[in-house]
Every structure is written in C-alpha cells, then in structure tokens.
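Notes follow the structure.
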Amino acid sequence: MLGVEVFGQYGFVLSLLVLLAVISDKGLNTYQSRQIAFIKDKTEVGRLIGSSIIARLFTIVIVVGIAFALSYYINKPDTVKQFMRFAAMAMGVNFMMGGFSATLLGYERFRLYGMLAMLTQLMLTLLGFTALILGYGLLGIGVAHLVSATIATLTIAIVVNVRVCRLSFQVGLTEPVAFVKSALPLAVTAVLMTIYYRADFVMLSLMKGDQAVGYYNSAYALINGMLMVSTSFSAAILPRLSGYFNADKTSMNNIYRIGFKYLMYLGLAVALGTVFIAGSLYEMVYPESYLPGVISLKILIWALVLMFINSIQSSYMIASNWKRSLMYITAVGAVLNIGLNFIFIPRYSFQGAAIATLISEALTGVGFFVMIGHNLSISKVLRWLLKLIPALVAMTLVLVLSENLQVLLRIVCGALSFLLVLILSKGLGREDLDLILRLISARGKPE
C-alpha cells in the first residue's frame, strides 16, 4: 500500500533509529534475563528491575533527543520526518518495556510472555492497517507504533508486578550505574549487531536511493519473519543455559548441541525451499512492482541459515559469561559488513547488500564456532548433514513437481515430505525429541 519508494523510506527510518541506540535494549535485556536466572530472592529481582528501568530512562532521553534533532536535518519529505519522530518515541517506550519482558524470560514464563507479545503485535498490526486504510500513510503508522507500544508497556508492567514479583524503585544511583556497567559488553555487542544488520539500509539509501531500499526491505521483511523462530528459541533457552552454567555443564552442552542441530536443519530446509518458491511467494505477498527484490531474497535466505545457527551460539557464549569474546567477534563482523557494503553496493545495488550480509554472517559464524567448537565437533555436524540430505532432496522434488499448485499448498507439501523423510532417515532421534519435550515442558529454574 505504501509503494516501493515509501516502503524504502520506512525501512531507512527504522534502521537509522535502531542505529541511534547508544546502549541497545537487547544488551540490557539479555543481561537482565541472565541475572534473574541466578537470583532466587524475588525482592532482589524487584530491585534489579528498578535499577534496569532507571538506567533505561537516561538512555531514552539521549536516544530520542538525538532522533528528534536528526529528523530536522535528514533530506526526506516532511511526512518521513514526522514518522521518524513518532517512531523514535515508540522506540523509547519499547526500550522501557524490555525491562519487564526480560523478567518474564528470566523466570521462564514463556506462555505469559508469548501471549503478551502476540497481543502487542496484533494491536500494532490492526492499528497500522487501519491507519493505511484511512489514508494516513507513514504518519499513521508512526502513531500506531507509539500507541501500541505505550499500551503494551503499561500492561506488561502491571502483569509483572502482580503475577511475577513486586517492583522496587528504592535504589540508589549506584545500582543503576552498576547495572549498566555490568551489561556494557552485551550492550556494545547488541549495538554492533545493530550496525551489522542495519548499516546496509542506510548505506543503500545514500548510495542508490529509496527505491533500492524498498526492494531490499521487501526481502528483509520476509527474512525477519522467519528469523523470529531462532531468536525466540535462543532467547527462551538462555535462562536455562545460564542456570545450568554452574550447576550442570553436561545438560548445558546437550541443550546447545540439540539447539544447533535443529536450527541448522530448519534453516537449511527453509533456505532451499525458499529458492524454489521465492517468485511465487513475492507474487502472493507483494505487488508486481516489488519483483526485482526476489533475487535479494534468494541470497539473504542463505544468510538466514547462518543467522539461525549464530543465534544459538551467541546464547551459549552469553550463558558462559564470554561477553567480551562475543563483543570482539561481533565487532569484526560489523566492520567487515560495512567494508563489504562499500565494495558491493556501488556495483550491485541491493543485491550487493545481500551478498555482503551473507559473507559477513558466514565469517562471524566461523568465529563463534572456533570459540565453542570443543563442545561440538565438525565431524558430528557433517554426520547430521548426511542424514539431512535425503529429506532435502525429497522436499526439492515435491516443490519442483508441484510448481503449478498454489504456493501455500506447495509449502505444506514440501514441509510434510521433508519431515517424513527426516524421520525415516533417523535424522530425528528419539533422544533428541525427548530432550526437546523435557525442555519445553519444564517449569521454573533448574535446581
């Protein structure tokens, strides 16, 4: 409904705002959920949340202030500038909400967290869609972001205070400062990851214009939807990995290995399948004017495989308190990504940005694997891949032979054939399934 150029402006603004976050909420969220996994006294948890909220308030003032100042100087239409201001305020409110959602994750209240997250996203979708239908465009979407973020934050704050633990803001200035200082390596890592994943949008806009960003953003929107699977899984198991870090290293390593295996399986299946249905998928989701973005999707989808695997590796490193190593590897990846974008974007435009992302993700993943490779040998990964090949071949045949069917039906048929052959080839072991079921059904922190 926005059109390629305005959709590109939408992606540019959101990417610029995320890059402005000096201390990323994900860094503070990750540190907070990890610490809560260790703390048994709910009074102390309440104080930790209070320290987190106070620390976030200082950051919000800085980030939103910079965003407002920049909105007056960016070379974009007035509607884009107004959208940027509303989106900046919404980002600040979401930043505050992270202090409460991290508490639910730390206590492994996944059902409650999932329900609130689903309702928040549903509210944003309905408000944004209503704004588009009424003709308010980007400005309406900005207001929808702010309204939904405010309602969601107030709701989750009340839920945490009533259902989980009493919030306590009776803390001195030293406690929020200590909180930020302890979370700083993870916060810097999150900022670097933001640069890693969002700098290409800004560089693409400056070098090739908003239309190129629109094509690239169309592929990235689909990638982000799929990426939620791995990021949600990795965030969910982080408290469990952290709890096992001191108590049971064997269980910790087992969870890491099974997570690596299944995220790799899922990522490769999604990537290979998407290559065959990318055109049909675009025709179903986007107007014909977006079709040039298909090639970017076919490239980025292979980066998705690496993103799946890297998410579980990052969680393992955080749980093991290897915060600085994670920060250094991510820094190298961010610098490499920017350098590759300078090389590829001028020559290949949005397709070059996709290539840069793929190469950077691969090299970053190698760095993670070298750090924690002692827990998972290359030979074991190769054995998993050999069991996976028959399932991938079967899925490919189904997708090729069903070319004339509706795309959703092709996806269902391909997925079922993949799963059936994977079970028959014993790519899914009973012990792995049992471990997954125990992990999902377990309640509370490990003893």
Whole-Å distance linking the alpha carbon centroid of segment 184-251 with that of segment 356-416 is 19 Å
Carbon + sulfur, % of accessible area of segment 1-137 - ligands and nucleic acids excluded, 1.4 Å | 67 percent
With the 1.4 Å probe rolled over protein heavy atoms, the chain has an accessible area per residue in Å² of 46 Å²
Please report, as a whole percent, how much of the solvent-accessible surface of segment 287-428 comes from carbon and sulfur atoms (probe radius 1.4 Å).
-> 74 percent
FRET efficiency for residue 78 and residue 424, using Cβ-Cβ distance with R0 set to 51 Å, rounded to 0.05 | 0.25
Which entries of 249/380; 208/298; 298/380 show an alpha-carbon separation above 24 angstrom in the structure shown?
-> 298/380
Isotropic mean projected area of the C-alpha convex hull, the chain (nm²) = 21.0 nm²
GNM flexibility winner over the chain from 53, 151, 237 (Cα, springs under 10 Å) | 151
Can you give me the Cα centroid spacing of segment 37-105 and segment 149-168 in angstrom?
-> 15 Å
Largest-first ranking of 41, 248 by accessible area, probe 1.4 Å, whole protein assembly kept, is 41, 248
For the chain, with a Gaussian network of springs between Cα atoms less than 10 Å apart, report the residue from 377, 33, 251 with the top mean-square fluctuation.
-> 377
Averaging sequence separations of C-alpha pairs under 8 Å and six or more residues apart, then dividing by the length of segment 1-152, give the relative contact order as a whole percent.
-> 31 percent
Work out how much length residue 348 to residue 163 would gain on full extension: take 0.36 nm times their residue separation and subtract the Cα-Cα distance, in nm to one decimal.
-> 61.4 nm
Using θ = phi - 60° and the Karplus form 6.51 cos²θ - 1.76 cosθ + 1.60, what ³J(HN,Hα) does each residue of segment 256-269 get, whole Hz, x for Gly and Pro?
-> 4, 5, 5, x, 4, 4, 6, 5, 5, 4, 5, x, 5, 5
Once label points are set 7 Å from the Cα along Cα→Cβ at both residue 69 and residue 224, what is their separation, rounded to one decimal in nm?
-> 2.6 nm
Cα-derived Rg to Rh of segment 80-167, Kirkwood definition | 1.05
Under a 10 Å cutoff between Cα atoms, tell me which one of 331, 353, 221 has the largest fluctuation in the Gaussian network model of the chain.
-> 221
Can you tell me the FRET efficiency between residue 413 and residue 283 if r is taken as the Cβ-Cβ distance and R0 is 22 Å, rounded to the nearest 0.05?
-> 0.75
Given all pairs of distinct Cα atoms, segment 43-199 yields a Kirkwood Rh in Å of 17.1 Å
Just need the relative contact order of the chain here, percent rounded to a whole number, with Cα pairs under 8 Å and 6+ apart.
-> 20 percent
Assuming R0 = 30 Å, can you tell me the calculated FRET efficiency for the pair residue 378 and residue 111, based on Cβ-Cβ distance, to the nearest 0.05?
-> 0.20
Scattering from the C-alpha atoms of segment 316-419 alone, worked out with Debye: what is log10 I(q)/I(0) at q = 0.12, 0.20, 0.22, 0.23 1/Å?
-> -0.72, -0.95, -0.97, -1.00
Among the lysines, which fall within straight-line cross-link reach of residue 42, defined as a Cα-Cα distance under 21 Å, with same-chain neighbours fewer than 8 residues apart omitted?
-> 445
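The values are calculated or read from the model by the stated rules, or taken from the named source; none is laboratory data. Keep in mind it's a predicted model, so treat the numbers as computed, not measured. No Cβ is skipped: glycine too gets one built from the backbone with ideal geometry, and neighbour counts run over all protein chains shown. The accessibility values were calculated without ligands, DNA or RNA, using every heavy atom of the protein model including side chains. Shrake-Rupley method; radii C 1.70, N 1.55, O 1.52, S 1.80 Å.
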